[in-house]
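First up is the structure itself, then whatever we jot down about it.
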Amino acid sequence: MNSNRMVVAQRGVLPPPKQHFADAAWFKYILSCCAATTAEMVTYPLDLAKTRLQIQGEKGLNGASLRPYRGLAGTGVGIIQEEGFLKLWQGITPAVYRHLIYSGTRMVLYEKVRDHLFTTRADGTRPVWQAIVGGILVGGIAQFLASPADLVKVQMQMEGRRRLEGKPPRIHSAGEAFLKIYGAGGVRGLWKGCMPNVYRSALVNLGDLTTYDSVKRFFVNNWHFTDTYWTHALCSICSGLVATCLGTPADVIKARVMNQPTDSWSRGLLYRNSLDCLLKTVHNEGFWALYKGFFPCWLRMGPWSLTFWITYEQIRNVCGTSAF
């Protein structure tokens, strides 16, 4: 102990130790971005297949001459045969950009809200309703900030399909897509489809982040699980399933609103807003159209959640950061 701390200690008052950078918010932000990028790279082809399945059958958009995709495997094989293997990662760049904003923001915000605003009981548990409110709020805020990158991603994912339908290409790269959207609709155009995106992410965050946090604390506090790889895996499987059930309808609406063509004022030509898209989808294709791509979404969300949480918890442990 240095001389200054010895003097203070002798007086009965010891200043708090200096915070280590491993538990700083900016460092946790970087770690969450690294984990999200890893999960996105591993599971992105499933996201592409899911988006293709959600868009097809949309009245007023797809041509009838092109054979529709059938199922997750059929969609993946069709993309490889018609467009090439590497097209399974078409749109990965804006997807990574999105997570550099979305995942970093939601993880850091949730942990701050949880640690400073949630009520902690004597046994270490916290009220579930607080976790629900916290998950919804931080998910919506994070997605609002990341919405332009998500818009670019959805449009890039559909480019290969458009060209096979004989339509002229809209974009060739993420940068071109961003500039074209901005040029056509200004800043407002970059947030096209923002609200269904925010709703979806609030629900997905409720299912993923809130479920993972609540289930993990339940297992650790009530069933005396240790904070290990297997606990992380089990909790992430639960969170992935709940997130898919809650988020798929909003995901379908988001994809359709974002992918629709627009006029010179950046107004949609197929749907006026999210509610209009919801009503037209149910009217034209039935209620279960809202769950188009559910199994690809589940098969994607499950591995994504598993990869993300295990990676995130492990790199936190390696870097000396406290467990989530």
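Residue pairs whose Cβ atoms lie under 9 Å apart, separated by 6 or more positions or on different chains, with the first residue in the stretch 221-244 and more than 25 Å from ARG200 (Cβ to Cβ) and the second basic (Lys, Arg) and surrounded by fewer than 16 Cβ atoms within 10 Å (Cβ to Cβ), do not occur.
For first residues located in the stretch 274-300 and surrounded by 15 or more Cβ atoms within 10 Å (Cβ to Cβ), partners that are hydrophobic (A, V, I, L, M, F, W, C) and assigned to a loop (DSSP other than H, G, I, E, B) and lie 6+ apart or on another chain with Cβ distances below 9 Å form the pairs CYS277/LEU270; LYS280/LEU270.
The selection criterion, being more than 13 Å from PRO296 (Cβ to Cβ) and at pLDDT 85 or above, holds for LYS28. Tell me which residues, restricted to the stretch 238-267, are within 17 Å of VAL198 (Cβ to Cβ) and either over 23 Å from the mean Cα position of the chain (by Cα) or of a type in the set (Ser, Thr, Tyr) (or both). Scanning the stretch 238-267 gives a single hit, THR248. With the structure loaded, tell me whether ALA131 is touching a residue at least 40 places away in the same chain (Cβ under 8 Å), buried (at least 16 other Cβ atoms within 10 Å of the Cβ) and within 18 Å of MET258 (Cβ to Cβ) or whether it fails that test. It is false that ALA131 is touching a residue at least 40 places away in the same chain (Cβ under 8 Å), buried (at least 16 other Cβ atoms within 10 Å of the Cβ) and within 18 Å of MET258 (Cβ to Cβ).
The values are calculated or read from the model by the stated rules, or taken from the named source; none is laboratory data. These numbers come from a predicted model, not from an experiment. Methodologically, a virtual Cβ is constructed for each residue, glycine included, from the backbone with ideal geometry; neighbour enumeration extends over all protein chains shown.
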